[in-house]
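The values are calculated or read from the model by the stated rules, or taken from the named source; none is laboratory data. Quick caveat: nothing in here was measured; it's all calculated off a predicted structure. Cβ: placed from backbone, ideal geometry, glycine included. Neighbour counts: every protein chain shown.
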Amino acid sequence: MEKIITGTENMRIPFGDLKPQYFQLKKEIDGAVRQVIERGRFILGEEVEAFEKEFAEYCGCGYGIGVGSGTEAIHLALIALSIQPGDEVITVPNTAVPTVSAISFAGAIPKFVDINPDTYTIDVTKIESAITKKTKAIIPVHLYGQCADMDTILDISKKYNLAVIEDACQAHGAAYKGKKAGSMGNAGCFSFYPTKNLGAFGDGGMVVANDAAIAERLKLLRNYGQEKRYFHRIKGFNSRLDEIQAAILRVKLKCLDQWNTTRMEKAALYKRLLRDVSNIITPIEAPYSSHVYHLFVIRCEERDDLQGFLSEKGIGTLIHYPRPIHLQESYRDLKYEKGDLPAAEHCAETILSLPLYPEIKDSEIEFIAAAIKDFFCLNI
Ligand SMILES: Cc1ncc(COP(=O)(O)O)c(C=O)c1O
């Protein structure tokens, strides 16, 4: 049967659009960037220092260390926490690949634990059975903007003496029982990739921590291991947030809470409009969490057809992520097989991310919801 959207004008709705945020803040951002250029200091200057302080405070942490990306934030945090080659690090298979590449590049071995299909975060009931003598750390991923069940994870980490590195790359401002994402483990890692809830105009990242010694090590690691110019205490990398990105992020940080609130309102509108569509599952908020909807991810068995249908209607969607890491070609050496992590595998086949950003119009969400209902031949 041909599916026709009735009663709505035709629109094109991209999956994301970064331009409105710039135009909202154009004057302030242009001024901040010009100031950096005129000052003539581009690496590890006053903007990075101020932003580190402001973002760490925002997260409720003592220290912030600006680095080159979220991937490098996780990589350097692993090294700062003394994870050694051959150590095992527990994480989930349904994440952006950089969570796992960071483990590999620290020389450690990723060990995957399946997910809770309601929240898409680590299934905390399965962590203990994955722990071996070699396990040294857990990286919970606060996926799509919702925190993992941190109290249980922290209890397990204490029992087995494991480090906890929060991958908060999708969860700027999210909270767990009132505590901000990134503030609960030994280190919290953030990405400022442009599409994130707090996004730069290029790559960027930060590690937040409460332990002065870890913060100190991270400062060395990101800057060639040098304590003062040309004197290198440890072997290090070049992974620094730059002054221009920090200046832009300082302007945008002031809007983060408002943007997150708007994301929550837009998510609530989607849920209201889709509540009668029994074929799809909309995001489930755990009672402990304040979800900041980096992504609005629905689930349905007819995912591929629905995605194609929405595309024909001019609606952009994406899949985060279509193939779990344990089944990726690049991780064949870990010797996982299809069926090993069934919840994550089933989610990968059925999830679909719908457009959600602070500037999306309610009328656009109404159009998308109507298209979904039309796909399932429901009365609009
Ligand atoms: C969950 C997660 N972890 C890590 C990263 C890596 O961040 P970046 O792209 O800044 O390296 C991302 C971003 O794509 C992410 O979404």
key: Residue satisfying condition, being in contact with a Cys (Cβ under 7 Å, 6 or more places away or on another chain) and within 15 Å of the ligand (Cβ to nearest atom), within set Ala200, Ala209, Ala246, Ala171   = Ala171
message = Show me the strands (runs of 3 or more DSSP E) entirely contained within the range 163-222 in which 1 or more residues are among the acidic types (Asp, Glu).
response = 163-167
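With respect to Gly45, determine if the residue is surrounded by 13 or more Cβ atoms within 10 Å (Cβ to Cβ), at pLDDT 95 or above and within 18 Å of Ala187 (Cβ to Cβ).
Criteria not met by Gly45.
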remark   = Here the residues within the range 349-380 that are of a type outside the set (D, E, K, R) and over 20 Å from Asp17 (Cβ atoms) are Thr350, Ile351, Ala370, Ile372, Phe375, Phe376, Cys377, Leu378, Asn379, Ile380
inquiry  = Being in contact with a Pro (Cβ under 9 Å, 6 or more places away or on another chain), in a strand (DSSP E or B) and surrounded by 24 or more Cβ atoms within 10 Å (Cβ to Cβ): is that true of Ile90 here?
reply    = yes
ask   = Applying the selection to the range 314-329, what residues are surrounded by 15 or more Cβ atoms within 10 Å (Cβ to Cβ) and either among the polar types (S, T, N, Q) or at positive phi (or both)?
value = Thr317, Gln328
ask   = Can you name every residue in the range 82-116 that is more than 13 Å from the ligand (Cβ to nearest atom), on the phi < 0 side of the Ramachandran plot and touching a Lys or Arg at 6+ places or on another chain (Cβ under 8 Å)?
value = Ile83, Gln84, Asp87, Glu88, Val89, Ile90, Ala108, Ile109, Val113, Asp114
note = Exactly one of Arg263, Arg222, Arg240 is within 16 Å of the ligand (Cβ to nearest atom), at pLDDT 95 or above and assigned by TED's automatic domain parsing to the domain that holds Phe296, and that one is Arg263
query = Can you find even one residue in the range 371-379 that is part of a loop (DSSP other than H, G, I, E, B), surrounded by fewer than 16 Cβ atoms within 10 Å (Cβ to Cβ) and not hydrophobic (A, V, I, L, M, F, W, C)?
reply = yes
